[in-house]
Amino acid sequence: MSKQNLAEILPGATLGVLGGGQLGRMFCVAARTLGYHVIVLDPDEGSPAGRIADEHIKANYLDEAALDLLASRCDAVTTEFENVPAESLRYLAKNTRVSPSADALEVAQNRDSEKRYALKAGLTPAPYYFIQSEADINKAIAAIDVPAILKSATLGYDGKGQVVINQLEELLPAYESMNRVDCVLEKKIELALEISVIVARNARGEAVSYPIAENEHRNGILHQSAVPARVDESVAEKARQQAIDLAESMDYVGILAVEFFISGEGELLFNEMAPRTHNSGHYTKDACVTSQFEQQVRMMCGLKPGETRLISPVVMVNMLGDLWDPDWRALLAHPEIKLHLYGKKEARPGRKMGHFNVLADDVEQALAVAKMAFEELEP
Ligand code: ATP
Ligand code: MG
């Protein structure tokens with residue numbers, strides 16, 4: 001790594017972000033709060049981040065003229081969108097500082113490669129088999145017990161691109177229904193709990209992790225995260241250490257989110273990683289000394305990681321388009337609730353429109369208020 005990459009980039013500089021969704025929007029707010037200028041590159045005219053950045057370059061991620069412009073204007077560039085083509089980052093990196101790297105992004109974009117990296121770093125994925133052609137179907141059946149889940153190796157999110165396999169005969173038709181794209185067949189785990197860890201690491205190798213979040217999904221989409229998670233301190237410590245080990249083994253720079261399962265037997269299993277800030281880390285905005293978005297700024301600028309300490313027990317609840325158009329009065333009448341809306345014009349079922357954080361003296365109380373407030377919003 002060149003010396004130049006270790007220099008600190010200070011307020012007043014210009015930062016770029018590929019992707020204009022809510023994660024980019026919250027990044028823009030954090031960066032601008034710290035006194036940086038922000039440029040968003042996203043093809044969508046009304047993107048949540050583009051609308052509040054200093055500048056919005058409306059272009060496709062592979063548009064070289066747009067990437068040239070971004071690189072010439074920015075002291076550093078990051079991404080908020082995991083499926084940005086890795087080539088875009090590789091191209092940008094010729095002319096500006098880029099984190100995470102194209103190589104790291106590529107690893108995280110593929111379920112087979114991310115599991116291989118996790119194994120190498122000492123983490124334990126659920127048993128799986130990588131299917132690249134029909135010839136692998138029988139080998140996968142021999143290797144993995146049902147029930148299992150067939151997942152497309154790339155481009156899955158919010159539980160999309162996944163089929164549960166209860167009988168062996170279902171595998172080939174499911175593979176065909178996915179147009180025979182590369183897939184992993186993964187053993188379906190009896191889940192006691194799902195947790196996630198956000199890690200931040202800079203180019204000098206300084207790394208920190210956040211308190212783990214206990215995640216509840218509904219219909220394959222994150223519904224809420226509770227912190228502190230109700231797990232043994234030893235499991236929490238192990239998850240935080242494993243997430244840091246993973247970031248170190250990849251020489252990762254930026255924010256890395258690591259999702260884990262805790263099985264019925266109490267085993268800690270690696271699920272997947274995201275090379276960016278994460279929905280389960282939105283609690284950090286109101287409940288930690290440094291939010292994950294400020295931390296993203298710090299990491300790309302080569303600054304020292306901010307303190308990750310939890311200031312208050314917290315529950316983060318997602319608000320999807322299914323709830324629209326909510327009456328905000330009830331929610332805002334709760335003095336311990338912090339509302340965050342993403343400024344998306346169109347509400348669609350399953351679309352993430354905003355979230356709220358409930359702060360309380362303990363997590364049980366935060367969970368109770370979160371449940372009540374969510375029910376008040378439901379149509
Ligand atoms: P997201 O982008 O929301 O994190 P995703 O589409 O990338 O989701 P996964 O994290 O792989 O998908 O799976 C989504 C959810 O499905 C998990 O959080 C978990 O609840 C369930 N799930 C996935 N894999 C397994 C498994 N092997 N055993 C049991 N449950 C699973
Ligand atoms: Mg996931």
Amide N of segment 217-234 lying under 12 Å from the label point, which is placed 7 angstrom from the Cα of residue 310 along Cα→Cβ:
225-233
At 222 nm, what value in deg cm²/dmol follows for the chain if DSSP H runs of at least 4 each add -39500 (n - 2.57) and the sum is divided by all its residues, to the nearest 500?
-8500 deg cm²/dmol
Can you give the percent of C-alpha pairs in the chain whose distance is more than 40 Å?
12 percent
Taking 0.36 nm per residue of sequence separation and subtracting the Cα-Cα distance, how much length would be gained by fully extending the chain between residue 233 and residue 65, in nm to one decimal?
55.4 nm
Taking R0 as 25 Å and r as the Cβ-Cβ distance between residue 217 and residue 241, the FRET efficiency 1/(1 + (r/R0)^6), rounded to the nearest 0.05, comes to 0.50
GNM on the chain, Cα springs under 10 Å; top mean-square fluctuation among 230, 111, 218 goes to 218
Can you tell me the mean projection area, over all orientations, of the convex hull of segment 5-152's alpha carbons? Units nm², please.
11.4 nm²
Over the chain, average the accessible area per residue using a 1.4 Å probe and give it in Å², no decimals.
43 Å²
Suppose each label sits 7 Å from its Cα in the direction of the beta carbon; what would the residue 120-residue 372 distance come out to in nanometres?
5.1 nm
Choose one answer from 264, 19, 156: the residue with the largest mean-square fluctuation in a GNM of the chain with alpha-carbon springs under 10 Å.
264
With springs connecting C-alpha atoms under 10 Å apart, model the chain as a Gaussian network and identify which of 242, 365, 167 has the largest mean-square fluctuation.
167
Apportionment of accessible area to carbon and sulfur, the chain, percent (1.4 Å):
48 percent
Under 5 Å from the placed amide H of residue 288, counting only residues 5+ away or on other chains, we find 311
Taking R0 as 56 Å, what's the FRET efficiency between residue 180 and residue 13 from their Cβ-Cβ distance, rounded to 0.05?
0.75
Provide the percentage of antiparallel DSSP beta bridges, counting only those with both residues in the chain; round to the nearest 5.
80 percent
Let me know the whole percent of all Cα-Cα pairs from segment 191-377 that are separated by more than 25 Å.
34 percent
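The values are calculated or read from the model by the stated rules, or taken from the named source; none is laboratory data. The structure displayed is predicted, hence computed values, not measured ones. FYI the Cβ positions are ideal-geometry reconstructions off the backbone, even for glycines, and counts take in every protein chain you see. Remember, those area values only see protein heavy atoms, side chains included, never the ligands or the DNA or RNA. Shrake-Rupley method; radii C 1.70, N 1.55, O 1.52, S 1.80 Å.
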